[in-house]
1. Go through the range 25-42 and count every residue that is more than 20 Å from G53 (Cβ to Cβ), outside any strand (DSSP E or B) and open to solvent by 10 Å² or more (accessible area, probe 1.4 Å).
2. Test L22 against the stated conditions and say whether it is buried (at least 17 other Cβ atoms within 10 Å of the Cβ), in contact (Cβ under 8 Å) with a residue 24 or more places away in the chain, touching a strand residue (DSSP E or B) at 6+ places or on another chain (Cβ under 7 Å) and in a helix (DSSP H, G or I).
3. Got a sec? Which of V13, V43 is modelled with pLDDT under 95, aliphatic (A, V, I, L, M) and over 15 Å from A107 (Cβ atoms)?
4. Out of the range 77-125, which residues are surrounded by 15 or more Cβ atoms within 10 Å (Cβ to Cβ), of a type in the set (D, E, K, R) and not in a strand (DSSP E or B)?
5. For a quick check of your reading of the model, give me the residue pairs whose first member lies in the range 121-132 and is in contact (Cβ under 8 Å) with a residue 12 or more places away in the chain, whose second is in a loop (DSSP other than H, G, I, E, B) and aliphatic (A, V, I, L, M), with beta-carbon atoms closer than 8 Å and at least 6 apart or on different chains.
6. Take the residues of the range 1-12 that are in contact with a strand residue (DSSP E or B) (Cβ under 8 Å, 6 or more places away or on another chain) and assigned to a strand (DSSP E or B): which is surrounded by the fewest Cβ atoms within 10 Å (Cβ to Cβ)?
7. Just to be sure, is R61 free of Cβ contacts under 8 Å to residues at least 60 places away in the same chain, closer than 21 Å to V132 by Cα and part of a helix (DSSP H, G or I)?
Amino acid sequence: MATLRIYDLRGDVLAVDLRDLLRLMVPRSLQANWTISSVKSSVPGHGWFEATGEGGEELERLAQQNARLSGSDLAALASNTRQLIWGEFIGSLPADADGKWVTIRAADGTFFEIETDDEMVLNKVKSNFKDVRAGESPIASWPLAPSE
């Protein structure tokens, strides 16, 4: 799978959020089922999920359960989330419920990582954001503790 990282800034804040990425992937993002989880730590058993706003609080609660949501439910929560700092969202399409269509990761509020083989998604990311970098490999775990 290809990995892209989005580093676009508005001032000194990341200029993209989960709701933007889900909108970019419509209609598939709405058709997909999504598993929400934390970004794993290099320390076994640890991980981080952090989001602000009303939707963000609900996403944090769901991430603790590795919950599965419909695309429309995730889009609704994302639209009520002020900022996603840490989190992982794995989307699977109905035709391949056990497969992985796309993974979206927020890493420390610094960048978003998109992992997929879907050329449409990769092309849309490249054409809609300015600072897009190819990731050598996806984040399997985060080596540092998040700043407190």
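1. Number of matching residues: 6.
2. no
3. V43
4. K100, D108, D118, K124 - these are the residues of the range 77-125 that are surrounded by 15 or more Cβ atoms within 10 Å (Cβ to Cβ), of a type in the set (D, E, K, R) and not in a strand (DSSP E or B).
5. Filtered contacts from the range 121-132: V121/M25; K124/M25; F129/V16.
6. A2
7. no
The values are calculated or read from the model by the stated rules, or taken from the named source; none is laboratory data. Note that the structure is a prediction, hence the values are computed from the model and not measured. Here the Cβ is made from the backbone with ideal geometry for all residues, glycine too, and neighbour counts use every protein chain on show. All accessible areas refer to the heavy atoms of the entire protein, side chains included, with ligands and DNA or RNA removed. Shrake-Rupley method; radii C 1.70, N 1.55, O 1.52, S 1.80 Å.
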